[in-house]
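Visitor: What follows is a structure written as C-alpha cells; I'll ask about it next.
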Amino acid sequence: MELKEAIKNRRSVRKFKDVAIPKEKIVELLNLSMWAPSGMNRQNWYFVVVKGETKGKLIEVSKRAFNEFISKSLKEVFKDREEVIKESERFFETLGNAPLVICVYRTRTIEGELTDIQSVAAAIENLLLLLYEEGLGGCWMTGPVHLPNDLNKILGVEDKKLQALIPVGVPDVTPFIPKRKEGRIEWIGWD
Ligand SMILES: Cc1cc2nc3c(=O)[nH]c(=O)nc-3n(C[C@H](O)[C@H](O)[C@H](O)COP(=O)(O)O)c2cc1C
C-alpha cells in the first residue's frame, strides 16, 4: 500500500468484529511503530496490551469517564445532534467490542512534557497507519484518560504517564470521513 493512500484513508474505527488478533501481529506492528522519531532519541513510549477480564475493567472506567467528563462537553458541541452523543456514549460503554486495547504510556524524561508527549504521539500515528495497512483499525482515545489513576491501578503501572487508549480490531463499520479544514497553512517569504 502506498503511504499517501494510508495517510488519507485511515479512519478512527469505533466498532469491531468479534475476531481475535494474533499476538504476533500486534508484536510486529508495535515494533514497527517504535521506529518513530523521538526527542533526544529517548524512545520514551511504553505499551500495555490488554484483553480478557482486565479489558472489561478498562471498559468500566471508560464508561465512568464518559459520564463524568465527556458527556457534558459533547452536549455543548453537538447540541442538535443527539445521534452523535448516543454513538459516542455507546463507544465509551463498549470500546467498540474491540478484542484488545493498547494502553499507551510515556516515561518522563528530562526533555520535558512537550517533547515526551510528541514522541509518543508519533509512535501512535505510526501504529494507526500500520493497522490500516493490515486491514485492522483502531481509535486513538484520550477520553478515558480523564481517570488515569483508576486505569493505572487496573494495569498495575505506577511510574509512567498514561497518554492514550487504543481499542484495536477488525473494523465492523465504514467510518464517516470528517472533512479536513481549510486555511491551516501560512506561507512566509515565498513571493
Ligand atoms: C489526541 C487524540 C485524542 C482522541 N480522543 C478520542 C476519544 O477519546 N474518543 C473518540 O471517540 N475519538 C478520539 N479521537 C479520534 C478523533 O475524534 C478523530 O481522529 C477525528 O474525529 C478525525 O477522524 P479520523 O481519525 O477518522 O480522521 C482522538 C484523536 C486524537 C488525535
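Visitor: Pick out the one residue from 4, 25 that is more than 17 Å from the chain's Cα centre (by Cα), free of Cβ contacts under 8 Å to residues at least 24 places away in the same chain and farther than 17 Å from residue 151 by Cβ. Quick ask: steps written out before the conclusion?
Guide: Working: 25 fails: free of Cβ contacts under 8 Å to residues at least 24 places away in the same chain.
When all the criteria are applied, what remains is 4.
Visitor: I would also like to ask the following. Since residue 136 meets every condition but one in (1) surrounded by fewer than 17 Cβ atoms within 10 Å (Cβ to Cβ); (2) within 15 Å of the ligand (Cβ to nearest atom), which condition does it not meet?
Guide: (1)
Visitor: Six or more apart or on different chains, Cβ atoms under 8 Å: show the pairs whose first residue is in segment 165-182 and more than 25 Å from residue 100 (Cβ to Cβ) and in a loop (DSSP other than H, G, I, E, B) and whose second is open to solvent by 30 Å² or more (accessible area, probe 1.4 Å) and within 11 Å of the ligand (Cβ to nearest atom).
Guide: What qualifies is 177/11.
Visitor: Checking residue 90 against (1) surrounded by fewer than 16 Cβ atoms within 10 Å (Cβ to Cβ); (2) of a type in the set (Lys, Arg); (3) farther than 24 Å from residue 74 by Cα, only one condition comes out false. Which one?
Guide: Against the list (1) surrounded by fewer than 16 Cβ atoms within 10 Å (Cβ to Cβ); (2) of a type in the set (Lys, Arg); (3) farther than 24 Å from residue 74 by Cα, residue 90 comes up short only on (3).
Visitor: Right, next: Every residue in segment 93-114 that is open to solvent by less than 100 Å² (accessible area, probe 1.4 Å) and of a type in the set (A, V, I, L, M, F, W, C), please.
Guide: 95, 98, 100, 101, 102, 103, 104, listed by residue number.
Visitor: Still on this structure, I have one more. Just to be sure I understand, how many residues within segment 7-41 are touching a helix residue (DSSP H, G or I) at 6+ places or on another chain (Cβ under 8 Å), aliphatic (A, V, I, L, M) and open to solvent by 30 Å² or more (accessible area, probe 1.4 Å)?
Guide: Counting residues in segment 7-41 that are touching a helix residue (DSSP H, G or I) at 6+ places or on another chain (Cβ under 8 Å), aliphatic (A, V, I, L, M) and open to solvent by 30 Å² or more (accessible area, probe 1.4 Å) gives 4.
The values are calculated or read from the model by the stated rules, or taken from the named source; none is laboratory data. Since we're looking at a predicted model, the values are computed, not measured. Note that we place each Cβ from the backbone using ideal geometry, even for glycine, and neighbour counts take in every protein chain shown. For the accessible areas, the whole protein counts, side chains as well, though only heavy atoms, and no ligand, DNA or RNA atoms are used. Shrake-Rupley method; radii C 1.70, N 1.55, O 1.52, S 1.80 Å.
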